[in-house]
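> Pasting in a structure now, in structure tokens, and then I'll have a few things to ask.
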Amino acid sequence: MFSKGVDTVASFVDCAILGLRGDLCDCDCDNFGVTGFFASVPEIVKNAVLVHSSPIPIETPIVKGYDWNKGIDYHALLETYKSSGFQARNFGLAVDQIQQMINARNIPLEDDEIDSLEEDEFIRRKSSCTIFLGYTSNMVSCGIRDTIRFLVQHKMIDCIVTTAGGIEEDLIKCLAPTYIGDFNLEGKSLRQRGINRIGNLLVPNDNYCLFEDWVMPILDAMLAEQQKRGTLWTPSKVITRLGREINNEDSIYYWAAKNNIPVFSPALTDGSLGDMMYFHSFKNPGLIIDIVSDLRRLNTVAMKAKKSGMIIVGGGVVKHHICNANLMRNGADYSVFINTASEFDGSDSGARPDEAISWGKIRMDAKPVKIYAEASLVFPLLVGETFARHYYSTKEKTISDV
């Protein structure tokens, strides 16, 4: 196929390019006949268009997607994301980051690393890699709630930070359902019917009335305990109490309370739960919730972590609160961000992981990943490729060993 001096496709390309530029190659291939053809092309054009490429490092991945001729195999499909480019590539890198978190977490603690002197069992070091999970309220409003609940139920993460809506939406769903609607439903018409819209989800206002009926007696009891026993309430302790009171296995916070997983919400009053506390302050004033104690509690979790991993779905306060806690240990070892925000307005939500490195919130030798995507599309797939796959493979191995 080739002339005597040309024995590879790469050589063929090199010789042809030389010919296109009007140069002679060292072999006897005559540049595959292109030298003379392009001899009349102006030099400025040849120099601009026919720039010779530097060698690509041999270890550089080649773009290749999934071959559907091999049948329908969703695990194999997701494995090819890493070699597909764009955000699929970032998804594949995020799988690697989370797998590293899981592997580090599964290394048993040495005897001298066990935090036996810590009286607060919620912030006691439990594993060799402390995994922080942060998410915004819309993730609980939509079906991602069930993915989060799975992680908490099976003790796959160690610490949660979320918003007020991320708390109340979970509890309210135990009392009444949220419905699928449409992004284009008219706000005025919905307001007249007492229906609240969250994107293309619908929440009847009656759901919040049910929430008020449920939570008010709990706030009364908390105030009584504060007055009679001197109980110091913090957002995380309030959330643990609500998780125990809801007593529903569909709830994220039922499992968080049951499994001693702390849940922090520095903006606990910014939602319906805050409305309830506001109403309660007229009827039965005096309830105090201390956010400073929770700040120390969260920072202590990060500071004590042997290794630290951050998985942050969304932005805003949950993203910064987790990142800032990890500053106390000179940065997280592993990080995955999922959101659609851009960095060009200077917002923390849109900031790339590299910006967090500049603040000391992610370690300089870390390989953090940001997936630019709407999380309801990718987070279940990410969990399926990491936590869930590890959970079921371990479960199958345990059964086979019996």
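> Non-local amide H neighbours of Met310 (under 5 Å, H modeled in plane, Pro and chain starts lacking H): which ones?
Distant-sequence amide H within range of Met310: Phe132, Tyr334, Ser335, Val336.
> Based on a Kirkwood Rh over C-alpha pairs, give the Stokes-Einstein translational diffusion coefficient of the range 152-271 at 37 °C and viscosity 0.692 mPa s in µm²/s.
210
> For the chain, with a Gaussian network of springs between Cα atoms less than 10 Å apart, report the residue from Ser376, Ser128, Ser189 with the top mean-square fluctuation.
Evaluated over the chain, the most mobile residue of the options is Ser189.
> On full extension of the chain, what length is gained from Ser293 through Asp354, given 0.36 nm per residue of separation minus the C-alpha to C-alpha distance?
Full-extension gain reported as 19.0 nm.
> Using θ = phi - 60° and the Karplus curve 6.51 cos²θ - 1.76 cosθ + 1.60, what whole-Hz ³J(HN,Hα) does each residue of the range 176-189 get, with Gly and Pro shown as x?
Taking θ as phi minus 60°, the curve returns 6, x, 9, 10, 7, x, 7, 4, 9, 5, 6, x, 4, 5 Hz for the range 176-189.
> Once phi is turned into ³J(HN,Hα) by the Karplus curve 6.51 cos²θ - 1.76 cosθ + 1.60 with θ = phi - 60°, what whole-Hz value does each residue of the range 361-376 show in order, with x for glycine and proline?
8, 10, 5, 5, 9, 6, 10, x, 9, 10, 9, 7, 7, 6, 5, 5
> Helix-only mean residue ellipticity at 222 nm, the chain, DSSP H runs n ≥ 4 weighted -39,500 (n - 2.57), per residue, nearest 500. What is it?
-14500 deg cm²/dmol
> Which one of Asp115, Asp250, Asp182 has the biggest mean-square fluctuation once the chain is modelled by GNM with Cα springs under 10 Å?
Highest fluctuation among the options: Asp182.
> Still on this model: Pop a pseudo-label 7 angstrom from the Cα along the beta-carbon direction at both Val41 and Lys283 and give the gap in nm to one decimal.
8.1
> With just the Cα atoms defining each centre, how far is the range 223-252 from the range 331-351? Give it in Å.
The distance from the Cα centre of the range 223-252 to that of the range 331-351 comes to 32 Å.
> How big is the chain by Rg and Dmax over its Cα atoms, in Å?
When restricted to the Cα atoms of the chain, Rg and Dmax are 27.9, 98 Å.
> If you don't mind, another one. ³J(HN,Hα) across the range 126-143 via Karplus (A = 6.51, B = -1.76, C = 1.60, θ = phi - 60°), whole Hz, x for Gly/Pro?
Using θ = phi - 60°, the values come out as 10, 8, 7, 9, 7, 9, 9, 10, x, 7, 8, 5, 4, 5, 8, 4, 8, x Hz.
> About the Cα centre, and with charges only on the beta carbon of Lys, Arg (+1) and Asp, Glu (-1), how big is the dipole of the chain? Nearest 20 debye, please.
Rounded to the nearest 20 debye, it is 680 debye.
> Let me ask something additional. At 0.36 nm per residue, minus the direct Cα-Cα distance, what do Phe86 and Thr60 gain on full extension? Give it in nm, one decimal, please.
That pair, Phe86 and Thr60, stretches by 7.8 nm at full extension.
> Right, something else. Whole Å is fine, so just give me how far the alpha carbon centre of the range 41-108 lies from that of the range 109-174.
Using only Cα atoms to place each centre, the spacing works out to 32 Å.
FYI, it's all coordinate maths here, none of it is from the lab. As the structure is a computational prediction, the values presented were derived from the model and not from experiment. Glycine gets a Cβ as well: all are built from the backbone with ideal geometry, and neighbour counts include every protein chain shown.
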